[in-house]
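Q: First the structure, then my questions, so here it is.
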Amino acid sequence: MRFDRTITVPEGGLATAHDDRLPVGMADKVDCILIPEWALQQRVAGLARQIHDSCADCSELVLLVVLKGAFVFAADLGRAISRLGDLEFRYEFIRTSAYGHSIKQQDEEAREVSVARLPADLAGKDVLLVEDLIDQGYTLTTLKQRVLAEGVRSVRICALLAKRLTQPSPQVASNRAALNLDFVGFDVPDRWVVGYGTDASEEFRMLPYIVTVQEQLYAGRER
């Protein structure tokens, strides 16, 4: 398996290791371990190398981390970049909220997205948006537009996971195409995926791997 490029994850997930065990009480909420810890760590290292090489000419690189879901990924990613040596960067954090159906609709045309106050000094900087998961793309479309309006030198997007959407609406397909994702860790099935910082109703964030949940247990809750 090559870890220097996006990895396509099958429906049944990648091969797990013996130490990938679900905590007591979670097994009945999970369908499968989709991406085990060993694969996450190796792909994060691969992403760090890609970013390091691509951003060699960046000055004042800002990793703008989308909370809460991307905080674990961003921490590991930043440490992996630092181990490569000479690329200087700093962290900033942003909160976003999306309003609409609590569960994604196949024919969804729009969602209202609010963005908390951006850092004040982004003008002229190279910005890397760090996100845990790209689904329909409404949040990052809005956030990228807001960041560009700040007069930044460049905007790149790094997402740990990007979903292979089934039957997206024309608007969603357009959003995803326009995002031009620069760095993607894993291409994953169109399932509710959690772990490694990403949650379902604040559960599963602590897991060191990515799982798919039994979606009927979370119907009516935010995805």
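The numbers here are math on the coordinates, done by the rules we state, and not lab data. Owing to the predicted nature of the structure, the values given are computational and were not obtained by experimental measurement. Cβ placement follows ideal geometry from the backbone for every residue including glycine, while neighbour counts extend to all protein chains displayed.
Q: With a sphere of radius 13 Å drawn around the Cβ of LEU179, what net charge do the other residues whose Cβ falls strictly inside it have (Lys, Arg +1; Asp, Glu -1)?
A: Working: positive: LYS144, ARG156, LYS163, ARG176; negative: GLU131, ASP135, ASP182.
Here the charged neighbours net out to +1.
Q: Let me ask something else about it. Add +1 for every Lys or Arg and -1 for every Asp or Glu among the other residues with Cβ under 11 Å from the Cβ of ASP4, and state the total. Walk me through the numbers before you get to the answer.
A: Working: positive: ARG2, ARG5, ARG43, ARG49; negative: ASP53.
Residues near ASP4 contribute +3 overall.
Q: If you don't mind, another one. What does the charge dipole of region 63-217 about its Cα centre add up to, to the nearest 20 debye, if the Cβ of each Lys and Arg holds +1 and the Cβ of each Asp and Glu holds -1?
A: On the way: 18 positive and 21 negative charges, 52 e Å.
Roughly 260 debye for region 63-217.
Q: Give me a comma-separated list of calculated 3J(HN,Hα) values for region 115-128, in order, Karplus coefficients 6.51, -1.76, 1.60 applied at θ = phi - 60°, integers in Hz, x for any Gly or Pro.
A: Using θ = phi - 60°, the values come out as 10, 5, 4, 6, x, 6, 10, 7, 4, x, 8, 8, 10, 10 Hz.
Q: I need the Debye-formula profile for region 122-223: one equal scatterer per C-alpha, no solvent, reported as log10 I(q)/I(0) at q = 0.17, 0.19, 0.22 1/Å, two decimals.
A: Those come out to -0.85, -1.01, -1.20, one per q.
Q: Could you work out [θ]222 nm for the chain from helices alone, using -39500 (n - 2.57) per DSSP H run of at least four and dividing by all its residues? Round to the nearest 500 deg cm²/dmol.
A: Taken over the chain, the calculation gives -7500 deg cm²/dmol.
Q: Per-residue HN-Hα couplings for region 147-157, Karplus 6.51 cos²θ - 1.76 cosθ + 1.60 at θ = phi - 60°, whole Hz, x for Gly and Pro?
A: With the stated coefficients, region 147-157 comes to 5, 4, 5, 7, x, 6, 6, 7, 10, 10, 10 Hz.
Q: Taking the DSSP beta bridges in region 63-217 as the whole, what percent of them are antiparallel, to the nearest 5? Could you put the intermediate results ahead of the total?
A: Values: 8 of 29 bridges.
Around 30 percent antiparallel, to the nearest 5.
Q: Could you work out how much longer the chain between GLN145 and ASP57 gets when fully extended? Use 0.36 nm per residue separation minus the Cα distance between them, nm to one decimal. Working shown, then result.
A: On the way: separation 88, 0.36 × 88 = 31.68 nm, distance 2.30 nm.
Separation in residues times 0.36 nm, less the Cα-Cα distance, equals 29.4 nm.
Q: List the residues, sorted by chain then number, that are 5 or more residues from GLU150 or on another chain and whose placed amide H is less than 5 Å from its amide H.
A: Long-range HN contacts for GLU150: none found.
Q: If amide H atoms are built 1.01 Å from N in the plane of the peptide, which residues on other chains or at least 5 residues away come under 5 Å of the amide H of ASP190?
A: ARG164
Q: For each of CYS158, CYS55, count neighbouring Cβ atoms within 10 Å of the residue's Cβ, then give the residues from fewest to most.
A: Numbers: CYS158 24, CYS55 19.
Fewest to most other Cβ atoms nearby, the residues stand as CYS55, CYS158.
Q: Give me the percent of Cα-Cα pairs in the chain that sit more than 33 Å apart, rounded to a whole number. Mind showing how you got there, number by number?
A: Details: 3308 of 24753 pairs.
Above the 33 Å cut-off, the chain has 13 percent of its Cα pairs.
Q: Please order ASP132, ASP76 by the number of other Cβ within 10 Å, starting at the fewest.
A: Ranked by crowding around the Cβ, least crowded first: ASP76, ASP132.
Q: Additional query: Return, in residue-number order, each cysteine of the chain whose C-beta is not under 4.7 Å from any other cysteine's C-beta.
A: Isolated Cys, the chain: CYS32, CYS158.
Q: Per residue of region 57-66, what does 6.51 cos²θ - 1.76 cosθ + 1.60 with θ = phi - 60° give for ³J(HN,Hα)? Whole Hz please, x for Gly and Pro, Karplus curve as stated.
A: 9, 6, 10, 6, 5, 10, 8, 9, 9, 8
Q: At what distance in angstrom do the alpha carbon centres of region 44-102 and region 175-203 lie from each other?
A: For region 44-102 versus region 175-203, the Cα centre distance is 15 Å.
Q: Amide H neighbours of VAL65 under 5 Å, at least 5 residues apart or on other chains, H built in the peptide plane: list them.
A: When sequence neighbours closer than 5 places are left aside, the close amide H contacts are GLU92, PHE93, ILE94, VAL130.
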